[in-house]
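Read-outs: derived from the displayed coordinates by stated rules, not from any lab. Source: prediction; values computed, not measured. A quick note on method: Cβ atoms are made from the backbone with ideal geometry, for glycine too, and the neighbour counts reach across all protein chains shown.
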Amino acid sequence: MRPLFELEKTLINVDWKVLKIKRVLDTPITDGPHETPELLDEGIPFLSAESVKKGKLDFNLKRGYISREDHGKYIKKCKPQRDDIFMIKSGATTHTWIFHYYDCCFTS
């Protein structure tokens, strides 16, 4: 195992076991669709990296709405749920981490 950086050493209890994150998750790490679906005037909210402001999802900044059919297709790969953690990798919001505290249905 590689040595931890000095800062990491101060943040980790010496009795803790250091593991790879993929070994401790109940849900696998995944990503959203790599396509922009047909956007509609109503339906399921479709959010993107631009919907993240100040560490939160801003539903007022949604890209639009998608059909239930598209939503059903996309959640097979990635189904956002309460208490999920999102790492944004797009444009100016790259490397922003947010916690998902919402109970509503959406696709990202």
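Structure summary
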{"quantity": "Whole-Hz couplings from phi, Karplus 6.51/-1.76/1.60, listed for region 78-85; x for Gly and Pro", "calculated": "8, 10, x, 9, 3, 6, 5, 10"}
{"quantity": "Residues of type lysines that Lys79 reaches as a straight line, Cα spacing below 29 Å, ignoring anything fewer than 8 places off in the same chain", "calculated": "Lys20, Lys22, Lys53, Lys54, Lys56, Lys62, Lys89"}
{"quantity": "Order by protection proxy (mean Cβ within 10 Å, highest first), peptides 43-50, 22-29", "calculated": "43-50, 22-29"}
{"quantity": "All Cα pairs of region 30-99, percent lying beyond 19 Å", "calculated": "31"}
{"quantity": "Residues with amide H under 5 Å from that of Tyr65, placed H, sequence gap 5 or more", "calculated": "Leu40, Phe46"}
{"quantity": "Amide hydrogen neighbours beyond the local backbone of Lys53, cut-off 5 Å, H modeled", "calculated": "Asp58"}
{"quantity": "Stretchable slack from Thr36 to Asp15, in nm (0.36 nm times residue separation minus alpha-carbon distance)", "calculated": "3.0 nm"}
